[in-house]
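One structure is given below, encoded as structure tokens.
Laboratory data are not the source of any read-out in this text; all were calculated from the coordinates shown. On a predicted model such as this, the values are computed, not experimentally measured, just so you know. Cβ sites come from the backbone with ideal geometry, for glycine too, and all protein chains shown count toward neighbours.
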Amino acid sequence: MKIQFLLNHLLEQECLEDLLTMYDNDSIQDLICKSKFQELCERKLNQKLPIEFMKQKKEICKLESRERCCARIWAGHYGSRCLYKRVNNTEYCSNHNKMIQRYGKLVLNRYDEERPLINEKGNKIPWFDNSHLEMIDIIIQNQDKSLQKLINKHRNITPKI
């Protein structure tokens with residue numbers, strides 16, 4: 001993933017710069033030469049990198065599947081199964097049972113049904129199918145393609161003499 005590479009590369013550069021600044025400002029100079037110090041820092045950084053950025057945390061339900069509510073919840077645009085326990089021999093938790101009593105239906109359907117595409121007001125529901133990091137990566141790749149097109153376009157323009 002391009003974004004992952006860029007973030008790790010930037011992190012590595014900044015850490016190395018900070019370490020070299022510490023070298024210049026500290027008494028380490030007496031113990032080891034700067035090139036050896038830099039080599040050591042790079043080796044240590046490579047052992048620690050790459051780092052996974054923006055991991056999406058999934059809420060883990062400790063209930064067994066047959067005990068869980070069957071309603072779909074928002075879950076930050078991704079849609080997921082409700083984490084609460086079923087009540088009163090129904091398929092839903094108390095919150096979703098109240099929703100059915102109030103509106104006559106579940107707003108986001110059951111977890112095992114299709115996600116609704118529009119809400120009760122007729123607006124499109126913005127579901128996410130990619131992780132945040134994947135979406136940022138797609139944006140960066142599209143921007144990179146646009147930039148490459150502009151560069152190639154300007155290369156083909158020959159200056160008038």
Under the definition of Cα pairs under 8 Å and six or more residues apart, what whole-number percent is the relative contact order of the chain? 21 percent
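Per-residue ellipticity at 222 nm for the chain, helices alone: DSSP H runs ≥ 4 residues times -39500 (n - 2.57), over residue total, nearest 500 deg cm²/dmol? Before the final figure, lay out the partial values.
Numbers: 4 runs with 73 residues, N = 161.
That comes out to -15500 deg cm²/dmol.
Classify the chain as rounded, prolate or oblate, taking a ≥ b ≥ c as the square roots of the eigenvalues of its Cα gyration tensor: rounded when a/c is under 1.5, otherwise prolate if a/b is larger than b/c and oblate if not. Walk me through the numbers on the way to the answer.
On the way: a/c = 4.90, a/b = 1.75, b/c = 2.80.
Here the chain falls in the oblate category.
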On full extension of the chain, what length is gained from Gln148 through Glu120, given 0.36 nm per residue of separation minus the C-alpha to C-alpha distance? 5.8 nm
What full-extension length gain, to one decimal in nm, is calculated for Trp127 and Ser94 as 0.36 nm per residue of separation minus the Cα-Cα distance? 9.4 nm
Within 10 Å of each residue's Cβ, count the other Cβ atoms and sort Glu12, Glu113, Glu64 from fewest upward. Glu64, Glu113, Glu12
Placed amide H near Ile73: partners under 5 Å, 5+ positions off or other chain: Ser80, Arg81, Cys82
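With a sphere of radius 15 Å drawn around the Cβ of Glu67, what net charge do the other residues whose Cβ falls strictly inside it have (Lys, Arg +1; Asp, Glu -1)?
Numbers: positive: Lys62, Arg66, Arg68, Arg81, Lys85, Arg86; negative: Glu64, Glu91.
Taking every Cβ under 15 Å from that of Glu67, the sum is +4.
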Cut-off under 5 Å, modelled amide H: who pairs with Phe128 long-range: Tyr78
For the chain, the helices passing both cut-offs (Cα extent along own axis of 15 Å or more, Kyte-Doolittle mean at least -0.5, full DSSP H runs) are 2-25
Using 7 Å Cα-to-Cβ label points, what is the Gln47/Ile60 separation (nm, one decimal)? 2.9 nm
Show me, for the range 75-90, the HN-Hα J-couplings you get by feeding each phi into the Karplus relation (A = 6.51, B = -1.76, C = 1.60, θ = phi - 60°), rounded to Hz, glycine and proline as x. 6, x, 6, 9, x, 7, 7, 4, 8, 8, 7, 4, 10, 6, 6, 10
Qualifying trypsin sites (Lys or Arg not before Pro) in the range 84-130, DSSP loop, other Cβ atoms within 10 Å at most 12: Lys105, Lys121
Nonlocal amide H pairs with Arg68, under 5 Å, H built at 1.01 Å: Arg86
Order by neighbour count: Val107, Val87, fewest other Cβ atoms within 10 Å first, most last. Val87, Val107
